[in-house]
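First the structure, in the form of structure tokens, and then the observations on it.
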Amino acid sequence: MDLAHSPADEAFRAEARAWLRAHVPARPLPSLETAEGFAAHRAWEAELAAGGWSAVNWPERYGGRDCGLTRWLLFEEEYWAAGAPGRVGQNGVSLLAPTLFEHGTEEQRSRVLPPMAAGEVVWAQAWSEPEAGSDLASLRARAVRADGGWRLSGQKAWSSRAAFADRAFGLFRTDPGADAPHRGLGYFMFDLRAPGVTVRPVGRLDGKPAFAELFLDGVFVPDEDVIGRPGEGWRIAMSTAADERGLTLRSPGRFLASAARLHALWQDRGGPPEAADRVADALIGARAYQLFTWAAASRVLAGERLGPESSLNKVFWSEYDIALHETALDLLGEDGETGDTPWAEGYVFALAGPIYAGANEIQRDIVAERLLGLPKGRRT
Amino acid sequence: MRFLLDAEQRAFARSLDAMLGAAGTTAAVRDWSRGDRARGWALWSRIAEAGVFALAVPEKYEGLGPRPVDLVVAFVELGRHAVPGPLAETVAAAALLSGPGPAERFLAGLASGRSAATVAREGRYALDGDAVTLRLALTADGLRLAPGHGPVRPSLDPARRLTRLSPGGELLDAAPAVDRALRWARLATAAQALGVGLALLERTVAHVHRRVQFGAPIGSFQAVKHRLADVKIALEFARPLVLGAAVTMTAADVAAAKASAGEAAYASARAALQLHGALGYTAEYDLSLWLTKAAALRTAWGTPGECRAEVLRAHGQVH
Ligand SMILES: Cc1cc2nc3c(=O)[nH]c(=O)nc-3n(C[C@H](O)[C@H](O)[C@H](O)COP(=O)(O)OP(=O)(O)OC[C@H]3O[C@@H](n4cnc5c(N)ncnc54)[C@H](O)[C@@H]3O)c2cc1C
């Protein structure tokens, strides 16, 4: 058991650090939840990609560095410590890409991944619907067989950044007669600017048009944009969901950096004793999450697959993130209320954590039933 | 980087678990609480034979150590089985006595289990001072071999007996490694607390499967499930802190491990008590052995507040 990284891994870290130091914008970019910020973040993705840093763990032929999980984690530590911008390509990089690696065809990978890495095509996730949130399997948007492909119809909701994104991936019902709601679903990629798509931006809590509703009316999708076989959509989506909640959606690097900034803020404010315990808890929580992730990564590297444990992660980081930001706002006092600080922006973002990527109540059910073996409850 | 127990360490945990499970530990705990220590010491010898105390003692003094990761693995099992006695204190004593000086004469006895030690910092209680052969007092002028102890006071955990050490006695070391000993004691206590928390969760999960109310096992109610899920999450995030602290042995990592394992075990105890209903509130039912220990270990060798302060202090130094 050891936590030390090899000299080669440390050299990789140093290289990443040097590159980031030379390239991270001196001033924070405008919020990526606005049109202006989205464009600025897209340009940043392109710069990252030009340096070869936008998807370090991917194979080189798709624009990555083939550097493996350990180095990805080290890169993430450096990335967030350097104060680099949030990733506008997040949904694609952390959700669609792993799905394509596991279930896609080589043709799909070589077509979709390089422009994703470069920020040329930004992806949105189209899973949720107005009537299908926690109970995702009840979704109604449908895919009907057409010549050479499928036609998608129905409504999707809460698609992050879909207001400005280019394409989307999501689940549609291919077989309304299937014997269970989660059977008979297909997983499709489609163009957000295709004929028949209407995107209606929705303001999030602070009014920024962060997500959108999608209305689809007979949108044509060619067969090459179906991931896996129609009917297997649920299984494919659930393996992605484990990624989303597990290792890749929120790397520990992000929280280590936030906790260090919180500690600095606390010291700047004179180290008020009434906040000391909460600041300490933020430092302890970031370290716990880091070590938990290293343990999970070690198991993956040893050939194990992560299962429902990713639900432990999801609840932990989402609640951690809120507590950390609440502490920061309390330390800022009146200045925290002004709303235009990075802490306020982070706070608004953190508030959604227990809701998306599977509401925390659903994650607790998974922990209780699948990790503790408690009886399934009655669910309507 | 390979932050994973190896096969040997996992086998070590399993064999301790099997040994303690078969050894009638709960009877030893109840005897120990009454001051009857025969069974407790028999258990102690078997734990020592398994090499547990030797892990804290350097090889040149007939030990196997120092091997903090293996020690953590062992202490989680000691906690899971609610083993009584000055376990962390004996580890702290080994850490204190591992430096050069006359003190070395005690180490082989600690490693082999022939003797057990208690350690008290200035102004604090010593655990089981009435039971041990070696009483170490950390005083203003160094480390002393205390000649005796004061009256025994009860603890929240009936299996823990608290005493003050008598002043005076032989000066063993004028500049003892107090910080080092504190780190070892804290680490061992954190691991023990983690084990206590895990045992409480395990027992509670079994109980909520069995107990039927309103025509269904109470474990099928979502309020019950979510409470246990939160306990599971707290314990699973304390575990890597405890193991990570054993790898680095820095003051901040050890304090973080102690604070979070202590809090997680305590949360496990609160949930266990609540979900067992009145049954859990009885001394007769064995659950009480772990419930009370979780409360006591939370403050032993550093309250959550002291540990958090240590984390802040250490973090301040890095920056
Ligand atoms: C900021 C943000 C970004 C998002 N981005 C995307 C995206 O990019 N793509 C996408 O597809 N979706 C996205 N979502 C949607 C998200 O996945 C859903 O909000 C989520 O699955 C919950 O569904 P719902 O909002 O319909 O809540 P509901 O399912 O209506 O649930 C409401 C609340 O009821 C409780 N609840 C529900 N069911 C249970 C149960 N069985 N037991 C106990 N409690 C329960 C939970 O507290 C839950 O939060 C996003 C959401 C947010 C807030």
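Overview of results
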{"read-out": "Estimated distance in nm for a label pair at A:Ala43 and A:Val202, the labels positioned 7 Å out from Cα along Cα-to-Cβ", "value": "3.1 nm"}
{"read-out": "Helix axis angle, A:276-301 relative to chain A longest principal axis, alpha carbon, degrees", "value": "50 degrees"}
{"read-out": "Occluded residues from region A:298-321, i.e. those whose accessible area drops by 50 Å² or more once the chain is not alone (1.4 Å probe)", "value": "A:Ser298, A:Leu312"}
{"read-out": "Chain A, relative contact order in percent, only Cα pairs under 8 angstrom and at least six apart counted", "value": "13 percent"}
{"read-out": "Positive-end residue of B:Pro147, B:Ser268, B:Gly85, charge dipole of chain B with Cβ unit charges", "value": "B:Ser268"}
{"read-out": "Counted charge near B:Thr139, where neighbours are those whose Cβ lies closer than 14 Å (Asp, Glu -1; Lys, Arg +1)", "value": "+1"}
{"read-out": "Inter-part distance where region B:94-156 and region B:1-65 are each reduced to a Cα centre, Å", "value": "19 Å"}
{"read-out": "Contact order relative to length of region A:98-175, as percent, for alpha carbon pairs under 8 angstrom and 6 or more apart", "value": "34 percent"}
{"read-out": "For the protein assembly as shown: lysine pairs under 28 Å (alpha-carbon distance), excluding those fewer than 8 apart on one chain", "value": "14"}
{"read-out": "Calculated FRET efficiency for the pair A:Ala26/A:Glu337, C-beta based, R₀ 45 Å, to 0.05", "value": "0.95"}
{"read-out": "Estimated distance in nm for a label pair at A:Leu306 and A:His182, the labels positioned 7 Å out from Cα along Cα-to-Cβ", "value": "1.9 nm"}
{"read-out": "Region A:40-163, relative contact order [Cα under 8 Å, separation at least 6], %", "value": "22 percent"}
{"read-out": "Residues with amide H under 5 Å from that of B:Arg164, placed H, sequence gap 5 or more", "value": "B:Ala126, B:Gly150"}
{"read-out": "A:Leu371 - accessible surface, heavy atoms, 1.4 Å probe, Å² rounded to 10", "value": "50 Å²"}
{"read-out": "Amide hydrogen neighbours beyond the local backbone of B:Leu134, cut-off 5 Å, H modeled", "value": "B:Ala116, B:Thr118"}
{"read-out": "Scaled radius of gyration (Cα, divided by 2.2 N^0.38 Å) that the protein assembly as shown gives", "value": "1.06"}
{"read-out": "On Cα atoms only, tilt of B:68-80 relative to the major axis of chain B in degrees", "value": "50 degrees"}
{"read-out": "Accessible carbon and sulfur surface of the protein assembly as shown relative to its total accessible area, %, 1.4 Å", "value": "53 percent"}
{"read-out": "Peptide ranges B:281-291, A:251-261 listed from the most packed, as the mean C-beta count within 10 angstrom indicates", "value": "A:251-261, B:281-291"}
{"read-out": "Net charge, A:Gly104 excluded, C-beta distance under 11 Å - Lys, Arg +1, Asp, Glu -1", "value": "-3"}
{"read-out": "Region A:85-198 shape via C-alpha gyration tensor axes, a/c threshold 1.5", "value": "prolate"}
{"read-out": "Where Rh is the Kirkwood radius over Cα pairs, Rg/Rh for chain A", "value": "0.96"}
{"read-out": "Where the protein assembly as shown is the region considered: accessible area per residue in Å², 1.4 Å probe", "value": "40 Å²"}
{"read-out": "Buried accessible area, chains A and B (both chains, 1.4 Å probe, Å² to nearest 100)", "value": "3800 Å²"}
{"read-out": "Where trypsin sites (Lys or Arg not before Pro) fall in DSSP loop in region A:72-173, at most 16 other Cβ within 10 Å", "value": "A:Arg140"}
{"read-out": "Nonlocal amide H pairs with A:Arg161, under 5 Å, H built at 1.01 Å", "value": "A:Phe211, A:Ala212"}
{"read-out": "Folded to 0 to 90 degrees: helix B:287-299 orientation relative to chain B principal axis, Cα", "value": "50 degrees"}
{"read-out": "Global geometry of region B:152-201, whether rounded, prolate or oblate, following the gyration tensor of its Cα atoms and the 1.5 cut on a/c", "value": "oblate"}
{"read-out": "Loop-located trypsin sites (Lys or Arg not before Pro) in region B:33-76 whose Cβ has at most 14 other Cβ within 10 Å (DSSP)", "value": "B:Arg34"}
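The values are calculated or read from the model by the stated rules, or taken from the named source; none is laboratory data. Quick caveat, the model's predicted, so the values are computed rather than measured. A quick note on method: Cβ atoms are made from the backbone with ideal geometry, for glycine too, and the neighbour counts reach across all protein chains shown. Calculation scope for accessible area: heavy atoms of the full protein, side chains included, ligands and nucleic acids excluded. Shrake-Rupley method; radii C 1.70, N 1.55, O 1.52, S 1.80 Å.
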